[in-house]
Amino acid sequence: MGIKLDRIVLRQIRMPLVHFFETSFGRTFGRDIILVEVSAGGVTGWGEVTAGENPFYNEEWTESSWLILRDYVAPRVLGHEFASAADVWGRIGHIRGHYMARGGLEAAVWDLEARMNGVPLWKQIGGGARTAIPCGVSIGIQDSVDQLLGKIETELNAGYQRIKMKMKPGWDIDVVRQVRQRFPRIRLMVDANSAYTLADVEHLKRLDEFYLMMMEQPLGHDEIIDHAPLQAALATPICLDECIRSAHQAEQAIRLGACRIINIKLGRVGGFRGAKAVHDVAAAGNVPVWCGGMLEAGIGRAHNIALSTLGNFVLPGDVSASKRYWKRDIILPEVEVTPQGTIEVPNGPGFGYELDFDYIREIQVREETLV
Ligand code: OSB
Ligand code: MG
């Protein structure tokens, strides 16, 4: 049975974060998120666009995603008969960039296909390697080191298996040293979000003494090549995030020795087909992967949980409890983490949680139906 999309509804919701999130590229206080609802013969599937509110992590933002979905993606997929969700990319693969906008729609069709088949999303994508996923947290740059130490303590007490701290020039070596002194044995990593250049090799080498699990995307957002000499100079494994958007780029990075670990973000690689392809290339190169996050609301969070059941997602990811970000999430129940620092993978059809339509209506700022 094919999938013929007869309707797409775009909704933009506005959600304040319970605490600001600061990276090397700026502070975020709230999210403007696009939800993508796709329908085929009365069955619906849902996706979430993971683009930020500004084009600072990558080139996309909420507004650009809306326009790409409305003017380029929707007209190419509406009314087309797909044999499976894996074929959606074939209709929209020629659009340049805008992976997160395209990925929001692509992921929604996978959810739709799972619901048409009455199976959980993890099964539809070929996952199921684990029934609970290991969780870490990503902690932003804080106003003080004491505040950071307090947050780390809170997350460790909640059970999280590894701590990622954001860093940037001026908030790096000395802060990591203090974290290590206070927590000598925890699994700790840093994420620079592209804040350094190859001129900083000697500086970054000083982080080797803190036996970090990895250093995420130290160099340019679109830079693979310079990571190779940096990796050669470091004992700490490099994990690439921003610069890996396709399986081809993952293959190039691995071949060059530019990283030893890859962070896969569902949106950044254009949805499940891309995520599976990057996952497979990494597995073939003996490079472990983990699931990154973009401060998702419940739908994106649930999709990340399904993705994390693929075999090579062996490291704790950034997928964590809803309450770390939201006073109230858009799904029921909200995503919860066990005292062991895991999330139990849901077994209901599709992404496996209920949508809280009352709340979605309450926080919705824009809606458009495309047929
Ligand atoms: O680089 O991983 C990143 C959030 C926004 C933009 C970029 C990143 C992040 C995170 C948050 O680290 C991870 C999460 O959603 O918990
Ligand atoms: Mg990152």
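Looking at GLY52, GLY45, just one residue is among the small types (Gly, Ala, Ser), assigned to a loop (DSSP other than H, G, I, E, B) and within 19 Å of ALA302 (Cα to Cα), and that residue is GLY52.
With respect to VAL179, is the statement that it is outside the structural domain of PHE21 (by TED's automatic domain parsing), of a type in the set (Val, Ile, Thr) and closer than 23 Å to GLY26 by Cβ true? Please lay out each step first, then the result.
Details: outside the structural domain of PHE21 (by TED's automatic domain parsing): yes; of a type in the set (Val, Ile, Thr): yes; closer than 23 Å to GLY26 by Cβ: yes.
Yes; evaluated as a whole, the condition is true for this residue.
So, of the residues in the range 128-159 that are open to solvent by less than 30 Å² (accessible area, probe 1.4 Å) and in a loop (DSSP other than H, G, I, E, B), which turns out to be farthest from ligand 2 (Cβ to nearest atom)? So, considering only residues that are open to solvent by less than 30 Å² (accessible area, probe 1.4 Å) and in a loop (DSSP other than H, G, I, E, B), the one farthest from ligand 2 (Cβ to nearest atom) is GLY159. When CYS239 is tested against (1) within 16 Å of ligand 2 (Cβ to nearest atom); (2) over 20 Å from MET167 (Cβ atoms), just one condition goes unmet, and that condition is (2).
Is it the case, given these coordinates, that ARG177 is over 18 Å from ILE141 (Cα atoms), in a helix (DSSP H, G or I) and more than 16 Å from ligand 2 (Cβ to nearest atom)? No; evaluated as a whole, the condition is false for this residue. Taking each residue of the range 74-93 that is over 15 Å from GLY104 (Cα atoms) and looking for partners that are of a type in the set (Val, Ile, Thr) and assigned to a helix (DSSP H, G or I) with beta-carbon atoms closer than 8 Å, six or more apart or interchain, yields PHE82/VAL88; PHE82/VAL109. The residues of the range 213-226 that are within 15 Å of ligand 1 (Cβ to nearest atom) and out of contact with any Phe, Trp or Tyr (no Cβ under 7 Å at 6 or more places or on another chain), listed by number, are MET213, MET214, MET215, GLU216, GLN217, GLY220, HIS221, ASP222, GLU223.
Within the range 239-265, restricting attention to residues that are aliphatic (A, V, I, L, M) and farther than 19 Å from MET213 by Cβ, which residue is surrounded by the most Cβ atoms within 10 Å (Cβ to Cβ)? By that ranking, first place goes to ALA250. From the set of residues in the range 102-127 that are open to solvent by less than 40 Å² (accessible area, probe 1.4 Å) and not in a helix (DSSP H, G or I), which is nearest to LYS323 (Cα to Cα)? That would be PRO120. Applying the condition of being within 15 Å of ligand 2 (Cβ to nearest atom) and more than 22 Å from TYR57 (Cα to Cα) to the range 209-235 and asking which residue is most open to solvent (accessible area, probe 1.4 Å) yields MET213. Taking into account only those residues within the range 307-337 that are under 24 Å from MET213 (Cα atoms) and in a helix (DSSP H, G or I), which is least open to solvent (accessible area, probe 1.4 Å)? Applying the filter and picking the extreme gives LEU307.
I'm checking my understanding of the structure. Among residues of the range 266-286 that are part of a loop (DSSP other than H, G, I, E, B) and more than 16 Å from ligand 2 (Cβ to nearest atom), which one is most open to solvent (accessible area, probe 1.4 Å)? Full working, then the answer.
Going through the range 266-286, the residues part of a loop (DSSP other than H, G, I, E, B) turn out to be 266-271, 285-286.
When the remaining residues are screened for being more than 16 Å from ligand 2 (Cβ to nearest atom), the result is 270-271, 285-286.
Numbers: GLY270: 1, GLY271: 0, GLY285: 34, ASN286: 138 Å².
Per the stated criteria, the residue is ASN286.
Here's the yes/no breakdown for (1) free of Cβ contacts under 8 Å to residues at least 24 places away in the same chain; (2) within 16 Å of ligand 2 (Cβ to nearest atom); (3) more than 15 Å from the chain's Cα centre (by Cα):
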residue: ILE13; (1), (2), (3): no, no, yes
residue: GLY26; (1), (2), (3): no, yes, yes
residue: ILE33; (1), (2), (3): no, no, no
residue: GLU37; (1), (2), (3): no, no, yes
residue: GLY42; (1), (2), (3): yes, no, yes
residue: GLU48; (1), (2), (3): no, no, no
residue: ASN58; (1), (2), (3): no, yes, no
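Is it the case, given these coordinates, that GLN181 is without any contact (Cβ under 8 Å) to a residue 24 or more places away in the chain and among the polar types (S, T, N, Q)? It is true that GLN181 is without any contact (Cβ under 8 Å) to a residue 24 or more places away in the chain and among the polar types (S, T, N, Q).
The values are calculated or read from the model by the stated rules, or taken from the named source; none is laboratory data. Everything numeric in this text was worked out from a predicted model, so none of it was measured. Here the Cβ is made from the backbone with ideal geometry for all residues, glycine too, and neighbour counts use every protein chain on show. Ligands, DNA and RNA are stripped out before the accessible areas are found, and what is left, the full protein with its side chains, is counted by its heavy atoms. Shrake-Rupley method; radii C 1.70, N 1.55, O 1.52, S 1.80 Å.
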